[in-house]
Structures are given as structure tokens and as C-alpha cells.
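Take a look at the structure set out below.
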Amino acid sequence: MNVAQKLICDHLVSGEMNPGDEIGLRIDQTLTQDATGTMVMLELEAMDLVRAQTDVSVQYVDHNLLQADARNPDDHLFLRSAAQRFGLWYSKPGNGVSHPTHQQRFGRPGATMAGSDSHTCAAGAIGMLSIGVGGLEVAMAIAGEPLYLRMPEIWGVRLTGELPAWVSAKDVILEMLRRHGVKGGVGRIIEYHGPGLAGLSAMDRHVIANMGAELGATTSVFPSDDAVRTFLRGEGREEDWTEILADEDATYDVEDEIELSTLVPLIAKPSSPGNVVPVSEVAGEPVSQVVLGSSANPGLRDFAIVAEIVRDHQSEAELSFDVNPSSRQILEDLTKGGWLFDLIKAGARIHQSGCMGCIGMGQAPATGRNSLRTMPRNFPGRSGTREDAVWLCSPETLAAAALTGKITDPRELPDLLDIDYPKLQLPDSSSVNTAMLESPLPEDEAQRVELVKGPNISGLPELDELPDHIEAPVGLKVGDNVSTDEILPAGARVLPYRSNIEKISEFTFAQVDEEYAERVAALKDGTGHLVVGGENYGQGSSREHAVIAPRYLGLRVVIAKSFARIHWQNLANFGILALEFTEAGDYDDVEQGDTLALDGVRDAVAQGDRMQAKNERSGKTYELRHRLSPRQVAMVLAGGQIPLLRDA
Ligand code: MIC
């Protein structure tokens, strides 16, 4: 078996490991962050959960960090009280980005994890099977229920050779995106193997595993080998290491190879992680901001390399050089190693540990100006600037731009500025800092904790069952690869309403069509509405708000050419019927505003996978299909997982 199969086999509680079949997995650990966690905690409350059933569950606060008013701090207090009430660890605001912090403090080779963040897959770096899902699925996992998913194909990517100077792990995952695009990983687990692994540390692997989410993959997996052991030893947790390697004769459903020595510095152009080109092709573009940090380049190495490149130089005068340390541990190590000094001296603005600009929580770029970031995503408007131009690159490429004020191939730095590629000397062990981590309360104390709810925290909306006859207008028609950042925007203006569905629903699709929310709200208590989408509808984040908010506005059916995995699961969890066109051309026939009629919906969903929709304007009938499992059919019919549980 390969590593992914071993991890699945060890945790399989239902189904067979045949690609496409629904399987159930026992979940050992969960990760929630604040922007999705408030919903998860409300869901646990709705389920009357007594205590978390997992080995380890951690509630992080890393996204909604700016405290422009009382909303975010109120949510922090709510999350702390919920973590105490349900027996979770609590990682305080400023302690760090969930993914690297989890890898440093809690990750364990061989364990499974479900996380309400699409980049949960990063933990695959240390031989975990770690999957990003919607909040409700994490709530179920905390309650001890299995995680259900379709058995993915295993995509073996053999790495050979060594990375050349000025090229690093980020360029490996950008190469994957250059080759395969944002849909390339759908329905697959990416497993990295081969001799090239020897030169990649556990944090380098985190960079690669993390952005498997951008390929649409179910998760990414690395073996647990010596590099993982070295990492855990450095974190003072060598006893958590176990070796997990693919068998010598392991095979993969799909095979690919990257010879690392042939890679060049790469960059994803605005506004998709799939728009990857060599840096040299776009060199000379003016840059007004660079932002270093996030779960996509979180390691000490990623900050130290930039510090050493910019050492004794100044960042370009007009440019804003923003640095978001990924965790307090890393901040402590950057300080001890003197790297923080180099960054500050070169003109960096040092922000608190957390996601910050990655999710548009501050650091919005100026209008029409290029911003280079080491982050994982650059979907339109995600930065908080409506018409933004965000590029994704490695720390080396970022450092070159910081010094020159232009996109610059970092391999030019020796000639341009007499800077050689630094040979980093990193400490063997990291500064283990647990000052901002609170452990679960003992059960008797936990039971006495009251949830602290500020005025911004509202309950979950009532969800009624799926109607049998739907005759409703297409409230919006969108194209291919629409991301959840477009469905329910990020940014400092919207994020503080993550615990208030009524309010956040006003921002639904605002990035695409500012009038959508008002238009469809008028139909909410009448016909409701449908949305029509292209390929890979709902790519990107795990935020279930991108489903709950439009559902609150009366969305009952989405018809698309195809769906992204997490969003598709979220739609079912909240009782929205996800249907796919089966015939080319039907998508083109639909116009926004057309009324579609679907008859006998309940029987059609329950008894098969086909149904029809008639377009009253064009007179055309579309043949549609759903891919729901019987388990999902039951929840869609009931109006969602919560009413299904309540009625059980
Ligand atoms: C993201 O990177 O898009 C986020 C913000 O971390 C999301 C979660 C969210 O929307 O809260 C994700 O990746 O799932």
C-alpha cells in the first residue's frame, strides 16, 4: 500500500477503498479556527454535546484578529468559553496561524484530522491524513461521528533531484498548479514520494501540502520519515513520531514526476492560484506591496531566508513591506536568531502572528497596484481591495521584489545587488512556547461553563425541508471556477459577521453582483431562487457561510457544470440541492432571471440520480444529475443535517 491507503485503511469504519465510493473514517483530531469556529461551536450547542470525543481538538483564533469594534473580541470570548465548555484546547489570538501551530504542537504521524479550514491538508506534511471540510462535519467529528467522503484516487508525485539556489518549496507547488490548474486535484489525494524528499524539511513539505487545496485535492500526504522525526525532535515531541512509509511495491492510481533541479522561480498572476508563469516572464512589473507570512510559507526558514537576503539593504522606498509571523514560536526564534532585526532594519512592518492580509484582515493593497504575497490564494477581491492585483510567490521572489520594487527573478540578485543565495543555519530545536495555549478543562468544571455570547452572535437559521415542486427564477448565473471568496467575501468589513448569518447574508455574492442579496431576498418567502454555475463551482475555502447565507436568502438549488469538493458537501449539509448539467450547451441556454421548474423533486432525489428542469422562457428541458450518497439524500430532503438530527 501507499501511505494514503495505509492511513485510510487504519481509520476506515465504513465503505470500501474503491475510488468514488463513499467511505467513513474515524477522526482522531480536529482543528477549528475562529472565522469558521463560531458556527461549529453553535452547532455543538445545537447538538447538546457534552464533551469532545476526539483525542485532540483545538480551537484557534487566527483570522479575525483586528479589533475595530467589539464584534471580533466578543467572538474570541465566545470561542474561549465554548472550548472550555466542550473540552477543547484554545489557542489565543496572536498565538499563531492554526496550521503551522498545529503541526508544531499537536500533529502526530498516522493520525486523522478534520478541520474547518481548507488548508487543513497542510498536516499531511508529517504523515497525517488531514482533511479540510465544512464546520458541520467538524462538529460531527468532535461529537465522535465518522467523517464521510468519496474515496479519492491516489496521485503519486515522485520527486527527484534537489532544488537549485533561489528556488524553494513554494515553487514545487506552483509547478503543480502550473501543470494541472485549480481543478487538477479534484477527487484525488496527492502523495509525494521519491528521493527528492530527502532535501525537503517537514516545514517545506507543509508549504507543498498546504496548497494542495488550491489544486482542489481532497488532501496531500507525505511519508513520516527521518525529516518528520527531526522536526518532532526539534519541537520536543520525538516520542510522537512513528515511521510510515509506502511499501516498496506500492502503486498509485495516477503517476507524475517532478525533477526538482529543473524548477525555476514561479509566480501565480492575478487572480487565480492556477495562473502560474515563470517569474522571468513577468519581470519588471512595478510592485507596491509585499506580504510575507500565512500558512502557505509559515516556517522559520521562510522568514529567515528573506531576512538574510534583505540584510544590510533597504526595501524600495514606495513599497510597503509587511511581515506576518506565522506563530509566536516562530517570532521568538526570529528574535533569537537576529533575523527580526534584519527585517526591521530593511524597512519591514511587523504585524501580529496570524493570517492577517491572507484573508483581507487588514493589509488591503492600494487600488490597481500589484501586491506580491507568499500566501496560498489570490481570488478576486479577497485582499479587501475590490479590484486587486495579488500575485503568489516564494519568499525568495518576494525578497527580490522588496528590494527592487519590481517583479524580479531572484536569480538576478547576485548580479543586480551583489547578494548571494544565503546558506541558512537554523537552530536544531524550536522555542516551544505554550503561553497562549489553554488546555481543556476537567469534565466536571467544563460542565459548569456558560457560553459567553456577545450581541453579534445570533443562532442558526431555521431550515425547512426540500419542497417537492420548485418553480423559481435563476437569481444569478456565474462562470467557471467561482470561488467561495466570490460567493461570500472575506475582508475586514465582512468577517466580523461570521457569527451573524442574517447580517453576513447581505454581502452574499457582493464581489460578483452587488444587487444579488437584495434581489433574491425579495423572493425569500415566496418561490426562493436558484443559482447557475460553471465548472468547479465553489472552489477554495471551507466556509459554510457561503452556503448558509444564500440558503438564508432562499437558495434551494444550484445547477452547475461541476462542483468543488468541500462546497458540494456544505451544500448538502445545509439542504441545498446540487445538480449538474449532463448535456453540453444547456448551461449556455440558461439566462439569469429565467424561471426554471422542477417537478417531483423529492421522489427524483430519493429514487435515482436524475431529474429534469424546464426553462419556461426557452421551453428547453435540461437533463440533470446529482451525485449525493443515500446519507446525503436524507439530509437534503430534511433540509439539512441539523433538522435531520433533530428529527431523528
Ligand atoms: C481561506 O484561506 O480561504 C480561509 C479563510 O482560511 C478559509 C476559511 C474561512 O473562510 O474562514 C478556508 O481556507 O477554508
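The values are calculated or read from the model by the stated rules, or taken from the named source; none is laboratory data. The model shown is predicted, which means the values in this text are computed figures rather than measured ones. Cβ atoms come from the backbone with ideal geometry, glycine included; neighbour counts cover every protein chain shown.
Here is a yes/no grid of residues against (1) among the acidic types (Asp, Glu); (2) in contact with a helix residue (DSSP H, G or I) (Cβ under 9 Å, 6 or more places away or on another chain); (3) within 25 Å of Gly554 (Cα to Cα):
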position	(1), (2), (3)
Pro440	no, yes, no
Glu450	yes, yes, no
Ile457	no, yes, yes
Leu460	no, yes, yes
His469	no, yes, yes
Ala472	no, no, yes
Out of the range 97-132, which residues are under 15 Å from Ala35 (Cβ atoms) and of a type outside the set (D, E, K, R)? Val97, Ser98, His99, Gly115, Ser116, Ser118, His119, Thr120, Gly132
For the range 494-523, what are the residues that are at pLDDT 95 or above and in a loop (DSSP other than H, G, I, E, B)? Val494, Arg498, Asn500, Thr508, Phe509, Ala510, Val512, Asp513, Glu514, Glu515, Ala522, Leu523
Evaluate the range 361-378: report whether one residue or more is modelled with pLDDT of 95 or more and closer than 15 Å to His313 by Cβ. no
I'm told Thr527 meets every condition in (1) modelled with pLDDT of 95 or more; (2) touching a helix residue (DSSP H, G or I) at 6+ places or on another chain (Cβ under 7 Å) except one. Can you identify the failing condition by its number? (2)
Filtering the range 22-64 down to residues that are in a strand (DSSP E or B) and over 16 Å from His76 (Cα atoms), which residue is nearest to the ligand (Cβ to nearest atom)? Thr30
If a residue must be surrounded by fewer than 11 Cβ atoms within 10 Å (Cβ to Cβ) and either under 17 Å from Tyr90 (Cα atoms) or out of contact with any helix residue (DSSP H, G or I) (no Cβ under 7 Å at 6 or more places or on another chain) (or both), how many such residues does the range 425-438 contain? 2
Could you list all residues from the range 344-384 that are away from the ligand (no atom under 14 Å from the Cβ), of a type in the set (Val, Ile, Thr) and either assigned to a strand (DSSP E or B) or surrounded by 20 or more Cβ atoms within 10 Å (Cβ to Cβ) (or both)? Ile350
Please indicate, with yes or no, whether at least one residue in the range 67-82 is out of contact with any Ser or Thr (no Cβ under 9 Å at 6 or more places or on another chain), within 16 Å of the ligand (Cβ to nearest atom) and on the phi < 0 side of the Ramachandran plot. yes
Residue pairs within 7 Å by beta carbon, gap of at least six or interchain, first lying in the range 114-128 and without any contact (Cβ under 8 Å) to a residue 12 or more places away in the chain, second within 14 Å of the ligand (Cβ to nearest atom) and β-branched (Val, Ile, Thr), listed first then second, are none
Conditions: (1) away from the ligand (no atom under 15 Å from the Cβ); (2) under 24 Å from Pro376 (Cα atoms); (3) at pLDDT below 95. Gly479 meets all but one. Number of the miss? (3)
Scan of the range 71-98 for residues that are assigned to a loop (DSSP other than H, G, I, E, B) and under 16 Å from Gly454 (Cβ atoms), ordered by number: Pro93
Go through Val291, Val254, Val279 for me and flag whichever is aliphatic (A, V, I, L, M) and within 16 Å of the ligand (Cβ to nearest atom). Val291
Restricting to the range 118-175, what's the tally of residues that are within 16 Å of the ligand (Cβ to nearest atom), touching an Asp or Glu at 6+ places or on another chain (Cβ under 8 Å) and in a loop (DSSP other than H, G, I, E, B)? 1
Condition (residue is over 30 Å from Thr434 (Cα atoms), more than 16 Å from the ligand (Cβ to nearest atom) and either in a strand (DSSP E or B) or not charged (D, E, K, R) (or both)) applied to the range 333-343: is it met by at least one residue? no
Note: among Ala83, Ala68, Ala125, Ala111, just one is closer than 28 Å to Ile244 by Cα, at pLDDT 95 or above and out of contact with any helix residue (DSSP H, G or I) (no Cβ under 6 Å at 6 or more places or on another chain), namely Ala111
Residue by residue through the range 265-320, note down the ones that are among the small types (Gly, Ala, Ser) and crowded, with 24+ Cβ neighbours inside 10 Å. Ala268, Gly293, Ser294, Ser295, Ala296, Gly299, Ala304, Ala307
Which helices (runs of 4 or more DSSP H) sit wholly inside the range 549-648 and have at least 1 residues that are without any contact (Cβ under 8 Å) to a residue 24 or more places away in the chain and surrounded by fewer than 21 Cβ atoms within 10 Å (Cβ to Cβ)? 586-589, 601-607, 630-638, 641-647
Looking at the range 504-527, which of its residues are within 16 Å of the ligand (Cβ to nearest atom) and more than 15 Å from Asn64 (Cα to Cα)? Ser505, Phe507, Thr508, Phe509, Ala510, Gln511
Among the numbered criteria (1) touching a residue at least 60 places away in the same chain (Cβ under 8 Å); (2) farther than 23 Å from Gly161 by Cβ; (3) among the charged types (D, E, K, R), which one does Glu238 miss? (1)
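Okay, residues lined up against (1) within 16 Å of the ligand (Cβ to nearest atom); (2) farther than 30 Å from Gly184 by Cβ:
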| position | (1), (2) |
| --- | --- |
| Pro550 | yes, no |
| Leu555 | no, no |
| Ile566 | yes, no |
| Phe574 | yes, no |
| Leu579 | no, no |
| Asp609 | no, no |
| Arg617 | no, yes |
| Gln632 | no, no |
| Gly639 | no, yes |
Of all residues being at pLDDT 95 or above and assigned to a loop (DSSP other than H, G, I, E, B) in the range 386-405, which is nearest to the ligand (Cβ to nearest atom)? Just the residue, please. Asp388
